[in-house]
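Following: one structure in structure tokens, then a few remarks.
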Amino acid sequence: MADDNARSLTDDRRRLLHELDVERSQLIRNIETCRIRDIDRPFIGTWSLKDIVGHIASWEAEVVTAFREIREGRRPALFDFDDSKLDTWNQDHVERKRDLNFWSVLEQLRGGRIRLGEEIALVSDEDLLREGSRRERFVRSVIDHDREHWHEIAAKLAGMAGVRATGPVSVPEEVHGTS
């Protein structure tokens, strides 16, 4: 019976990581479909494509930090994020990357995914997937965030005025229970 449970967790892990890869691949495809002029000009709202990519990279870096904090036995600071400061935080982090060239920001996005993968690899199937797992919640928040932004980019590329909601909120709130 334990073998069946371990096999099930391994399959669940594989599915979760596959979903993480699929959503990032779609995001990258949509970014690559954009025009060069969209890189530095307002593309969605006041944000350029570079701003959007930098924003996603910044949030993923926060999730990588949260994984490290859990590994070190600390409460992730991301759980104490003040939602009322979300817009200010986003704008501040977008501004920090404005002077970088697009290719550097895109490389930060790619590097962040590598670091997240390294952190996930350090976690057992059970610690990643047990009921109430904070780590799984963080991975799902990254999946949701990628999906949210690739949908926005796709809608813009298709000339659609808006985009349908894609799912849960990207910033995870604390899940009571295990880490």
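Since every read-out is calculated from the coordinates, none of them should be taken as a lab result. On a predicted model such as this, the values are computed, not experimentally measured, just so you know. Here the Cβ positions follow ideal geometry from the backbone for every residue, glycine too, while neighbour counts run over all protein chains shown.
A few remarks follow.
- GNM flexibility winner over the chain from ALA66, ALA158, ALA77 (Cα, springs under 10 Å): ALA158
- Among (i) 16.3; (ii) 17.2; (iii) 17.8, the entry derived from the coordinates for Kirkwood radius over Cα pairs in Å: (ii)
- Computed on the range 1-91, with alpha-carbon pairs under 8 angstrom and 6+ residues apart, the relative contact order is 12 percent.
- With the simple model of a label 7 Å out from the Cα in the direction of the Cβ, SER25 to ALA158 spans 2.0 nm.
- The chain: relative contact order in percent, alpha carbon pairs under 8 Å with at least 6 residues between: 30 percent
- Of all lysines in the structure, those lying under 22 Å Cα to Cα from LYS156, and not within fewer than 8 positions of it along the same chain, are LYS50.
- Spin-label model, SER104 to GLU131: label points 7 Å out along the Cα-to-beta-carbon direction sit 4.9 nm apart.
- Extending 7 Å from Cα along the Cβ direction at THR46 and again at ASP92 yields two label points whose distance is 1.7 nm.
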